[in-house]
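Beneath this line is the structure, given in structure tokens, with notes to follow.
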Amino acid sequence: MSMKLRLPIIIATVLVLAAAVYVAVSLALSPGRALASLTGQRRDYTLIPATALPPSQADLFGTVIQKQDNSLMLRPITKTAGQENNPPVELVLAAGTKVFIDTTDERTGTIVNGLLQQTIEAFDPNNIAPNDTIVAWGQRRGDRLTAEVVVDERNH
């Protein structure tokens, strides 16, 4: 392959990878928006995360597929096709896990300069149900995440 052809291919590859990383980071930093974009909904605002949530990127974003005692089996949600092939991740709810439900309502919330403050409330983990969308922060080891903070986004 000639040098004239190789350089544009390398540049195009770098640009595509940079765009993919940008999209992945954007979705990971705003789980509610990630779900909206995955379900085809369009939001005209940016969600400001609740102050009670960790400032870091969530460690897991997925749908509850099974519930057993203090463990939830989640199917991670990704933007790629074929997410049903993503291997399940066990989410362990420890005694100290803080569990919230997202109560943000774009219809009644105040959107200021394109920003909407996320609101959350304490939530009984026994009320988490299959098909709920969960965002979690914690310690991940392989296919198990011991949760420190969990947000049920069932309403979004």
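No lab work stands behind these numbers, since they all come straight from the coordinates. Small disclaimer: the values here were computed from a predicted structure and weren't measured. Don't worry about glycine lacking a Cβ; one is built from the backbone with ideal geometry, like all the others, and counts go over all protein chains shown.
Counting other beta carbons within 10 Å of each residue's own, what order do Leu60, Leu72 fall into, fewest first? All intermediate terms of the calculation are to be shown ahead of the outcome.
Details: Leu60 20, Leu72 29.
Ranking Leu60, Leu72 by Cβ neighbours within 10 Å, fewest first, gives Leu60, Leu72.
Taking K and R as +1 and D and E as -1, what net charge do the other residues with C-beta under 12 Å from the C-beta of Asp59 add up to? Walk me through the intermediate numbers first.
Numbers: positive: Arg140, Arg141, Arg144; negative: Glu148.
With Lys, Arg at +1 and Asp, Glu at -1, the neighbours total +2.
At 1.002 mPa s and 20 °C, plugging the Kirkwood radius over alpha-carbon pairs of the stretch 46-156 into Stokes-Einstein gives what diffusion coefficient in µm²/s?
Details: Rh = 14.5 Å.
For these conditions, the coefficient is 148 µm²/s.
Can you put Arg75, Arg141, Arg107 in order of Cβ neighbours within 10 angstrom, beginning with the fewest? Kindly include the intermediate steps, with their values, before the conclusion.
Working: Arg75 17, Arg141 8, Arg107 4.
Ascending Cβ contact count within 10 Å gives the list Arg107, Arg141, Arg75.
Please give the charge dipole size of the stretch 45-156, origin at the Cα centre, charges +1 on K and R Cβ atoms and -1 on D and E Cβ atoms. Round to the nearest 20 debye. Numbers along the way, then the final one.
Values: 9 positive and 14 negative charges, 52 e Å.
Computed about the Cα centre, the dipole is about 240 debye.
Evaluate E = 1/(1 + (r/R0)^6) for Asp124 and Gln66, where r is the Cβ-Cβ distance and R0 equals 25 Å; express this FRET efficiency to the nearest 0.05. Write out the running numbers ahead of the final one.
Details: r = 18 Å, r/R0 = 0.74.
That gives a FRET efficiency of 0.85.
Let me check against my output: what whole-number percent is the relative contact order of the stretch 37-152, with C-alpha pairs under 8 Å and at least 6 apart? Intermediate values should be presented prior to the final figure.
Values: 217 pairs, mean separation 37.8, N = 116.
33 percent.
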